[in-house]
Amino acid sequence: MSHRFTRILALTLLALCFTGTAHAEYPKGPISIICPFGAGGAGDLAARILANAVKNDFAKPVVVVNKPGAAGVLGTTVAFRSKPDGQTLLIGRVANAAIIPALNKTIQYKWDSFVFLGLLDLNPLVVVVHKDSPYKTLRDLADAVKANPGKLTFSTAGALNIQEIASYMLLHAVGLGKDGAVSVPFQSDAAGKNAILGGHVDFGAINLAAAFDQLGEGGKLRALAVTTAKRLPKYPDIPTVREAGFPELENILGWNALYGIKGMPQEAVDKWVQALQAVKTNKEWLEPTENMGAIPDILSPAETEAFVRAQVRKFEQLGQALGLVIR
């Protein structure tokens, strides 16, 4: 009996050892965070700041892989098709994760086709022009657009991007349709910013995270308004869109979230949720996130799903009003 008990105990301990080893295997190799937008944009910066902040939470490197194109649809589709082993994650931004699923019903994925790991931050938009532009206020720009329908140009990070939606809202506010100004798409908001700097387009509603390095003294951009309900503490001289006379643009914001692939191991989900909650107080994440003009706002998976669901509903309603839905 004693020998049998000893044998059972040994087998049990061996099983526990194997179980512990299996759990310790995640991650089995480098973790790739797909950013479906170009280098230097708000999504890219968010991904790289996060990868650096969690470098000690995982036994393997966390690397950012840029796969820009089609306003984020290309890279998002690559992630959607990836093996659900936890080794591939995705940066979900307002464009690829909410606006496009709400307005384009022909793409392969839906807004809830991924695992919600957590919202990361909110990205205010700033309506900007070149510092030498004749437009000193948002009202000046709006009046020029209204007086010259179809003539002025604005940059976006792709069709149906939050920047394009914000500009469409401005056109709608002055009584014009979506053709009231010409949308010029680029692979990232950084590229769109460079187009304004180069004088290739007239204006843009750009993520503050991508524009902040050209604002203020020494910068070459003039910010006409910010889309937050209150002025930003770091940029107190930039009026809100409501103060500028266009409340329709209030709270038209960008955001970043971390997504997993459906079917990924629960162990990987738990590990990332834990890591995200930890970075809330990590200066290596907080300080660069705030410095790039974003508002840290990490949410739980359930809160993130509810947030994105509400965003999608809002953009579906907007799309119906402006005739933007593609079927």
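The values are calculated or read from the model by the stated rules, or taken from the named source; none is laboratory data. This one's a predicted model, so the numbers in the text were calculated from it and none came from an experiment. When we count neighbours, we look across all protein chains shown, and the Cβ atoms used for this are built from the backbone with ideal geometry, even at glycine.
Suppose we filter Ile238, Ile295, Ile252, Ile261 for residues that are surrounded by fewer than 20 Cβ atoms within 10 Å (Cβ to Cβ) and either on the phi < 0 side of the Ramachandran plot or out of contact with any Pro (no Cβ under 9 Å at 6 or more places or on another chain) (or both); which single one remains?
Ile295
Of the residues Asp121, Asp112, only one is of a type outside the set (A, V, I, L, M) and crowded, with 18+ Cβ neighbours inside 10 Å; which?
None of the others qualify; the one that does is Asp121.
List the strands (runs of 3 or more DSSP E) that sit entirely inside segment 163-264 and contain at least 1 residues that are of a type in the set (Lys, Arg).
221-226
Out of Arg309, Arg231, Arg313, which single residue is out of contact with any helix residue (DSSP H, G or I) (no Cβ under 6 Å at 6 or more places or on another chain) and outside the structural domain of Ala47 (by TED's automatic domain parsing)?
The conditions single out Arg231.
If you scan segment 272-307, which residues turn out to be over 25 Å from Tyr26 (Cβ atoms) and part of a helix (DSSP H, G or I)?
Listed by number, the residues that qualify are Lys283, Leu286, Glu287, Pro288, Thr289, Glu290, Asn291, Ala306, Phe307.
Please verify whether segment 15-26 includes one or more residues that are part of a loop (DSSP other than H, G, I, E, B), crowded, with 17+ Cβ neighbours inside 10 Å and in contact with a helix residue (DSSP H, G or I) (Cβ under 9 Å, 6 or more places away or on another chain).
Yes: segment 15-26 contains one or more residues that are part of a loop (DSSP other than H, G, I, E, B), crowded, with 17+ Cβ neighbours inside 10 Å and in contact with a helix residue (DSSP H, G or I) (Cβ under 9 Å, 6 or more places away or on another chain).
Looking at segment 117-133, can you tell me whether even one residue there is of a type in the set (D, E, K, R), in the same structural domain as Val226 (by TED's automatic domain parsing), farther than 20 Å from Asn207 by Cα and assigned to a loop (DSSP other than H, G, I, E, B)?
Yes, segment 117-133 contains at least one residue that is of a type in the set (D, E, K, R), in the same structural domain as Val226 (by TED's automatic domain parsing), farther than 20 Å from Asn207 by Cα and assigned to a loop (DSSP other than H, G, I, E, B).
Here are some residues: Lys67, Lys146, Lys110, Lys105. Which one is over 30 Å from Leu286 (Cα atoms) and either touching a Gly at 6+ places or on another chain (Cβ under 7 Å) or outside the structural domain of Ala275 (by TED's automatic domain parsing) (or both)?
One residue alone meets the criteria, Lys146.
Under the condition of being touching a His at 6+ places or on another chain (Cβ under 9 Å) and among the β-branched types (Val, Ile, Thr), which residue from segment 168-212 is surrounded by the most Cβ atoms within 10 Å (Cβ to Cβ)?
Ile196
Could you tell me whether segment 257-264 includes any residue that is within 17 Å of the chain's Cα centre (by Cα) and either aromatic (Phe, Trp, Tyr) or modelled with pLDDT under 95 (or both)?
For segment 257-264, residues within 17 Å of the chain's Cα centre (by Cα) and either aromatic (Phe, Trp, Tyr) or modelled with pLDDT under 95 (or both): present.
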